[in-house]
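This report refers to the structure that appears directly beneath it.
The values are calculated or read from the model by the stated rules, or taken from the named source; none is laboratory data. Every value quoted in this text rests on a predicted model; they were computed, and no experiment measured them. Neighbour counts run over all protein chains shown; Cβ positions are idealised from the backbone, glycine included. Surface areas here come from the heavy atoms of the whole protein model, side chains and all, with no ligands, DNA or RNA. Shrake-Rupley method; radii C 1.70, N 1.55, O 1.52, S 1.80 Å.
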Amino acid sequence: MLRALKERLSIQGHRTMAYPDGPVSLPERFRGYPTLQKDILCHLDGESCAAACPFGALSCSESGLALDLAKCLFCADCPAEACVGFSNDHRLAVSSRADLLVQSNAEHTLARPLPPDLRRLFGRSLKFREVSAGGCNACEADSNVLSTIGWDMGRFGIQFVASPRHADGLWVTGPVSENMREALLKTWEAIPAPKIVVACGACAIAGGPFSGSPRISLGLDTLLPVDLYIPGCPPHPATILDGLLRLQGRLA
């Protein structure tokens, strides 16, 4: 047994990525934190600018151009690409819904650590019960990959558990359809206090492409207090992990 372990370590080596101690490798096509081209905005009127995005993520006023990451789906063929670009920065998660609004020349806001009393409880061990509330499973797939050997989210004490009784928080994906609302709220009630809530993906935050439908919620924070917003459609695993580590206070 020891020989097998020794040979595995010497031949296969260490497979888990170095992040957050080292940089995360992302493809050139990855769409991260947006960059707004203020100069090009001058050639568009406010209505044309807002109408360029079919999901209502873009707005224009006298104070400048703004992009709401809660509604943005990071489309590969963004109709507003003339004035909106995307950097390779995967750090998108925030602690407040208002911080998802990106404006020209505004500071890049990142997720804040939990309050000190919750950090003492969850800083080294944080368990989530996940509820897929009507989503397409893309957010679930990118959440689940964090438990694989490549990412090994468990090294930070973060794991998904099967029972809400064993959880410290609720992990929600999907737009919270009417059929899932009661199940979601019952799961929340079954988690012992103190507890936290994570909204993962554009659907959970603001309805995503289903926004405006009477069959879904107006956003998870209209039902429950959200502690971490992770935008994207779906969010990249690096974006998810970055937000969780900031929530635990492991990243400055």
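Worth a mention:
- Nonlocal amide H pairs with residue 101, under 5 Å, H built at 1.01 Å: 69
- Chain lengthening between residue 61 and residue 144 when straightened (0.36 nm per residue, less Cα-Cα): 25.9 nm
- Label-to-label distance, residue 162 versus residue 28, with points set 7 angstrom from Cα along the beta-carbon direction: 4.6 nm.
- Theoretical FRET efficiency, 1/(1+(r/R0)^6), r = Cβ-Cβ of residue 105 and residue 5, R0 41 Å, to 0.05: 0.15
- Length-normalised contact order of the chain in % [C-alpha pairs under 8 Å, at least 6 apart]: 21 percent
- Cα-based helix-to-principal-axis angle, 178-190 vs the chain, degrees rounded to 10: 40 degrees
- For the chain, built as a Gaussian network whose Cα springs stay under 10 Å, the top-fluctuating residue of 31, 129, 215: 215
- Less than 5 angstrom separates the built amide H of residue 197 from those of 170, 227, 228, all sequence-distant by 5 or more or on a different chain.
- Heavy-atom surface of the stretch 94-197, accessible at 1.4 Å and reported per residue (Å²): 50 Å²
- For residue 126, nonlocal amide neighbours, meaning residues 5 or more places apart or on other chains whose placed amide H falls under 5 Å from its own, are 158, 159.
- A simple rule links phi to the HN-Hα coupling: the Karplus curve 6.51 cos²θ - 1.76 cosθ + 1.60 with θ = phi - 60°, which for the stretch 9-22 gives 5, 6, 8, 7, x, 9, 9, 6, 5, 7, 4, x, 6, x Hz, with x for Gly and Pro.
- Evaluating 6.51 cos²θ - 1.76 cosθ + 1.60 at θ = phi - 60° for every residue in the stretch 136-141, the Karplus couplings come out as 9, 6, 5, 5, 5, 4 Hz, glycine and proline recorded as x.
- Per atom type, the stretch 81-139 shows carbon and sulfur on 47% of its accessible surface, probed at 1.4 Å.
- Total formal charge among the other residues, if their Cβ is under 9 angstrom from that of residue 156, Lys/Arg +1 and Asp/Glu -1: +2
- Residue of 236, 90, 14 that the Gaussian network model of the chain assigns the largest fluctuation, springs spanning Cα pairs under 10 Å: 14
- FRET efficiency, residue 15 to residue 88 (Cβ-Cβ, R0 25 Å, nearest 0.05): 0.55
- For the stretch 94-101, 3J(HN,Hα) per residue [Karplus equation, 6.51 cos²θ - 1.76 cosθ + 1.60, θ = phi - 60°, Hz, x = Gly/Pro]: 9, 9, 10, 4, 5, 6, 7, 7
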